[in-house]
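Just below is one structure, and these are the notes that go with it.
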Amino acid sequence: MYGSDVHVACIMDGNGRWARKRGLPRTAGHTAGEENLAAVVRIAVRSGVDHLTVFGFSTENWVRPRQEVRHILGLHKKLFGRIAELNELGVRVRWIGRPFDDPTARTPRYVQRAIIKAIRDTANNSGMTLTVAFDYGSRAEIAHAAETLRRAGTMIDAESLGSAMYMPDLPPVDVLVRTSGETRVSNFLLWQSAGAPISFSTSAWPDFSEDDLKDAIALARTIPH
Ligand code: FPP
């Protein structure tokens, strides 16, 4: 159980490149990415990871071609529908993103329903927590937190902002994973990752492996808590 007490957050990059390399459409890369996520969840559970948080769809991803967006949305429905599998693994599902009733939120109803059902049907599991970020962006989250505090007349400081995030009980990230050789910082869990090391993997997300996860966990271990 080399991963116990660890919160791993993944920016799952490189599905498009993975597909292009094989002469396949980008959508095939996303399909392979969703399947590998299911595999990584199993590996993470076996490794004793406490929290796995993944960037499924960002507030910026809506500008992608309509057909690609529709495909990725369908894959989220599939992922949130893996309830029997997740229950067998003892995984509790959660979701982070723009609240459905926020005027700027864009999660369609059928994805909302899949999210709500997965959360409800896995709520009693006490193993790993899988948090999926969908329609999520850190800047939107931090702005939303500040606006919530302003409206309530609460003083804005680091402590009050932290408690007004979408999911205040999400523990700090212990290691942020970025796949596919990308070295950019994304608009992902910026508040929660302050101080987290970044594990850069050259694997495209569909190829992200147990060894890649082990490397990330080993990096998390080098940072004193
Ligand atoms: C980046 O690949 C990945 C995404 C846009 C979102 C992540 C989506 C998946 C892993 C597939 C489905 C996952 C879930 C959670 C259901 P990219 O398209 O940016 O790849 P590229 O940089 O090579 O073009």
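The values are calculated or read from the model by the stated rules, or taken from the named source; none is laboratory data. All figures in this text were calculated on a predicted structure; none of them were measured in a lab. Note: accessible area is taken over every heavy atom of the protein model, side chains too, but ligands, DNA and RNA are not part of it. Shrake-Rupley method; radii C 1.70, N 1.55, O 1.52, S 1.80 Å.
Based on the reciprocal of the average 1/r between different C-alpha atoms, the Kirkwood radius for the chain equals 17.9 Å. Average accessible surface for segment 1-97: 44 Å² per residue, computed with a 1.4 Å probe over protein heavy atoms with every protein chain in place. Taking a ≥ b ≥ c as the square roots of the Cα gyration tensor eigenvalues, segment 89-168 comes out oblate, since a/c reaches at least 1.5 and a/b does not exceed b/c. For the chain, the relative contact order is 28 percent, taking Cα pairs closer than 8 Å that sit 6 or more residues apart in sequence and dividing their mean separation by the residue count. Rounded to the nearest 500, the 222 nm mean residue ellipticity of the chain from helices alone is -13500 deg cm²/dmol, with -39,500 (n - 2.57) taken per DSSP H run of at least 4 residues. Only lysines eight or more places from K117 in sequence, or on another chain, were considered; those with a Cα closer than 29 Å are K77, K78. When the solvent-accessible area of segment 110-176 is split by element, carbon and sulfur atoms take up 56 percent of it, the probe being 1.4 Å. When a/c is below 1.5 the answer is rounded, else prolate if a/b is larger than b/c, else oblate, so apply that to segment 123-210 with a ≥ b ≥ c taken from the square roots of the Cα gyration tensor eigenvalues. Taking the square roots of the gyration eigenvalues as a ≥ b ≥ c, segment 123-210 is prolate.
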